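Asks: Next up is a structure, given as structure tokens.
The values are calculated or read from the model by the stated rules, or taken from the named source; none is laboratory data. All figures in this text were calculated on a predicted structure; none of them were measured in a lab. Ideal geometry is used to build each Cβ from the backbone, glycine not excepted, and the neighbour counts take in all protein chains shown. Accessible surface is based on the protein model in full, side chains and every heavy atom, while ligands, DNA and RNA are left aside. Shrake-Rupley method; radii C 1.70, N 1.55, O 1.52, S 1.80 Å.
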Number of protein chains: 2
Amino acid sequence: MYTLEEIDRILENCSKLRHIKQEPANLYEPLDYMMSIGGKRIRPKLCLLAYNLLSDDFRNPIVFPAMALEVFHEFTLIHDDIMDRSDTRRGCPTVYRKWNENVAILSGDAMSILAYKYLAYAPQTVLPSVLDLFSTTAMQVCEGQQYDMDFEEMPFITMEDYLEMIGLKTAVLLACSAKMGALIGGASKEVCNALYEFGYQLGIAFQITDDYLDTFGNEKVFGKKIGGDIMNNKKTWLLVESFRRADGPQKQQLKQLLQMDESRRDAKVEAVRNLYVELGVKEAAASEILSFHKKAVDALSAAGLEPGRTRVLAQFAEELIHREK
Amino acid sequence: MYTLEEIDRILENCSKLRHIKQEPANLYEPLDYMMSIGGKRIRPKLCLLAYNLLSDDFRNPIVFPAMALEVFHEFTLIHDDIMDRSDTRRGCPTVYRKWNENVAILSGDAMSILAYKYLAYAPQTVLPSVLDLFSTTAMQVCEGQQYDMDFEEMPFITMEDYLEMIGLKTAVLLACSAKMGALIGGASKEVCNALYEFGYQLGIAFQITDDYLDTFGNEKVFGKKIGGDIMNNKKTWLLVESFRRADGPQKQQLKQLLQMDESRRDAKVEAVRNLYVELGVKEAAASEILSFHKKAVDALSAAGLEPGRTRVLAQFAEELIHREK
């Protein structure tokens, strides 16, 4: 079995296999650009780690499907950035901004097709189940994004709505990543499903962590200005929980704060953060992250594998929620 | 073997198998809407006809992949309509116009995933080759659309450019449709490749016919106002060939005509049509359509199947280029 660092190196080498064509330039340059801005590659890493529970043989039938997850994720980001009118991602201009909307639509489309091209490298015996898992997940991600956009129009949402939305928008893809590695590795149905559950709960923990860091992260480490979600009135775990806990006057205060615009950024961010602390929401978020992390770990235990084997996956899960960006 | 009418009825029944979910509404209603506006279903029909050369067994392993071709085609139309800022399609509002751009992006994405879901019903033995054919084709369609958009910015293009662009944007999908039916039917490599070539040449003929009808079609039969391409200065076969044939003064005349806007629609359409006739381009287009049709028919003969078996496919090809809309 490999360490996390060794898995990282395998992933680095993977990205050199990419075979991206050159022409037409307006179609393929954005793809290259998006892949080169890079990311944490969480999803392919999770896939490879799950696979490594069963095998050390890292060749095309596992590395290409693992890359497919990253390519698919990048596709969703390109299109999300158009729909959200986002100018930057990971500190760089979005494809939408760097080129234009039409280029972003079409190169995103090409990326979704490329994901399926890479997926098709899976071993033929498991290809139908890998495809089914991936397509089901991909559709769910679209549903999650739709709910996210629908919720923007609503003054508030319930915690149930929020959890369902991030379940679809974020968690299922991590669940899919973990399960896919297991499927390709030839794991039993029980192990595959346990890894799905592990990935799902970890995905929820991951998203709430994301929400937390955007408001309470360390700006220097985080790499971007905190408070973006607050300024966008994004329905994060923090905001949803605040509405749940707030009494009448606090709800009023929150609504007024949400109406403040970019010209009063610092004041808005500080006031909302303080209200979160006052309501106990900051602490509750940290606690909720640990709770979902524990569900993930429990699911992993239920896989019935020797603790020694799952150690690296467990380490990965820890690092995911204790990251600072 | 079935007749064209029987294949039509099989396709009608197919569309009832669609299993479209309901929630979230903003994601799935546009899908339903797009499928219900309907179309000529040329691509699935071609797929089923090719399959029928080899088998009469029309169940999920062929009908769902056939439908995948239509779903994929519809996906490209939803996104193309955003990129072209088109208000109507088949006489109805586009998804982009009926809902909004974000809905059109995301429901289009969902359709591309749905296509792959349907494709996965192909028999497991041929699934890898079906996937490979489809993904390669899908990527080529994106390339064709990119070239089409790039060409809009250019004052003129060569006939070589035009043929390459429509090859990618239109012909490869018909080629894929025909070959896919053959693959799923278990045809030999030679027959599969012959059907690909048949579909490709037919696709070129089909697109030039499209260009021809938009300018010279019978408005009552055509179902929409003629001259749309002329008003959009679209690089059709007619326009490209005109620039090729025109002498100095005629090129000047053409350039001036292209600058006329919507306020002078009738004058512009009439003048361009007359110039096309004067240059012999109208006649040449009709002749070119027949020429590509003949290439298609020759490719079909090269498949080495009994003429009796290919009769219905040949009839389909005839009807495709002799249609009036």
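Asks: Just to verify a number: FRET efficiency for A:ILE226 and A:GLU6, C-beta to C-beta distance, R0 = 41 Å, to 0.05? Kindly include the intermediate steps, with their values, before the conclusion.
Replies: Details: r = 33 Å, r/R0 = 0.81.
Once the sixth-power term is evaluated, E becomes 0.75.
Asks: In square angstrom, rounded to the nearest 10, how much accessible surface does A:ILE20 have for a 1.4 Å probe?
Replies: About 30 Å², rounded to the nearest 10.
Asks: Still on this model: Short version: which residues of the range A:140-178 lose at least 20 Å² of accessible area, all chains versus chain alone, 1.4 Å probe?
Replies: For the range A:140-178, once contacts with the other chains are taken into account, A:CYS142, A:GLU143, A:GLN146, A:TYR147, A:MET149, A:ASP150 lose 20 Å² or more.
Asks: As a test of reading the structure, rank A:ASP261, B:ASP211 by solvent-accessible area (1.4 Å probe, protein chains only), most first.
Replies: Working: A:ASP261 85, B:ASP211 5 Å².
I get A:ASP261, B:ASP211, largest accessible area first.
Asks: If you roll a 1.4 Å probe over the range B:205-296 with all protein chains in place, what percent of the accessible area is carbon or sulfur? Walk me through the numbers before you get to the answer.
Replies: Values: 2120 of 4640 Å².
The value for the range B:205-296 is 46 percent carbon and sulfur by accessible area.
Asks: Follow-up. Which residues of the range A:53-88 end up with at least 40 Å² less accessible area in the presence of all protein chains than when their chain stands alone, using a 1.4 Å probe?
Replies: Listed by number, the residues meeting the 40 Å² cut-off are A:MET83.
Asks: Hey, if we sort B:MET111, B:MET154 by accessible area with the 1.4 Å probe, largest down, what's the order? Mind showing how you got there, number by number?
Replies: Values: B:MET111 0, B:MET154 75 Å².
Most to least solvent-accessible, the answer reads B:MET154, B:MET111.
Asks: Hey, in the GNM for chain B with a 10 angstrom Cα cutoff, which one of B:CYS14, B:CYS47, B:CYS192 fluctuates hardest?
Replies: B:CYS14
Asks: Greater than 24 Å separation of Cα atoms is the criterion. Which listed pairs, B:LYS45/B:LYS179; A:LYS40/A:LYS220; A:LYS45/A:LYS282, meet it?
Replies: On the way: B:LYS45/B:LYS179 12 Å; A:LYS40/A:LYS220 18 Å; A:LYS45/A:LYS282 29 Å.
Long pairs (Cα-Cα over 24 Å): A:LYS45/A:LYS282.
Asks: Could you give each residue of the range A:298-311 its phi-based ³J(HN,Hα) in whole Hz, using Karplus coefficients 6.51, -1.76, 1.60 with θ = phi - 60°, and x for Gly or Pro?
Replies: The phi angles translate into 4, 4, 5, 4, 5, 5, x, 8, 5, x, x, 5, 8, 4 Hz.
Asks: Between B:ASN100 and the same site in the other copies, what are the distances in nm, shortest first, taking label points 7 Å from Cα along the C-beta direction?
Replies: In nanometres, ordered from closest: 2.2.
Asks: Round to a whole angstrom and tell me the spacing of the C-alpha centers of the range B:1-59 and the range B:70-100.
Replies: The two parts, judged by their Cα centres, are 19 Å apart.
Asks: What accessible area, in Å² to the nearest ten, does a 1.4 Å probe give for B:THR310?
Replies: For B:THR310, the solvent-accessible surface is approximately 20 Å².
Asks: What is the calculated FRET efficiency for A:GLN22 to B:PHE156, with r their C-beta to C-beta distance and R₀ = 30 Å, to the nearest 0.05?
Replies: On the way: r = 24 Å, r/R0 = 0.81.
It comes out at approximately 0.80.
Asks: On to the next question. Nearest 500 deg cm²/dmol is fine: what mean residue ellipticity at 222 nm does chain B get from its DSSP H runs of n ≥ 4 alone, each adding -39,500 (n - 2.57), divided by its residue count? Each step should come with its number before you reach the end.
Replies: Numbers: 17 runs with 235 residues, N = 325.
Counting only the DSSP helices, I get -23500 deg cm²/dmol.
Asks: At a 1.4 Å probe radius, which order do B:LYS98, B:LYS179, A:LYS251, A:LYS220 fall into by accessible area, largest first? If you can, show how the numbers build up before the last one.
Replies: On the way: B:LYS98 105, B:LYS179 45, A:LYS251 75, A:LYS220 190 Å².
Correct descending sequence by accessible area is A:LYS220, B:LYS98, A:LYS251, B:LYS179.
Asks: Kindly give the distances from B:GLN250 to its copy-mates, label point to label point, with each label point 7 Å from Cα along Cα→Cβ, as nm values to one decimal ordered shortest first.
Replies: 8.0
Asks: Express the accessible area of the protein assembly as shown per residue in Å², computed with a 1.4 Å probe while the remaining protein chains stay in the model.
Replies: Numbers: 27300 Å² over 650 residues.
Result: 42 Å² per residue.
Asks: Placing the label point 7 Å from Cα along the Cα-to-Cβ direction, what are the distances from A:ILE20 to the equivalent spots in the other copies, shortest first, in nm to one decimal?
Replies: 3.4
Asks: Now for a different question. In the full protein assembly as shown, how much of A:TRP99 is accessible to a 1.4 Å probe, in Å² to the nearest 10?
Replies: Estimated to the nearest 10 Å², A:TRP99 gives 60 Å².
Asks: Another question, if that's okay. Past the 38 angstrom mark, what percentage of all C-alpha to C-alpha distances in chain A do you count? Each step should come with its number before you reach the end.
Replies: Working: 8177 of 52650 pairs.
The proportion of pairs with Cα distances above 38 Å equals 16 percent.
Asks: Still on this structure, please answer the following. Between B:LYS255 and A:ASN218, take the C-beta separation as r, use R0 = 56 Å, and let me know the FRET efficiency to the nearest 0.05. Each step should come with its number before you reach the end.
Replies: Working: r = 61 Å, r/R0 = 1.08.
The pair B:LYS255/A:ASN218 has a calculated efficiency of 0.40.
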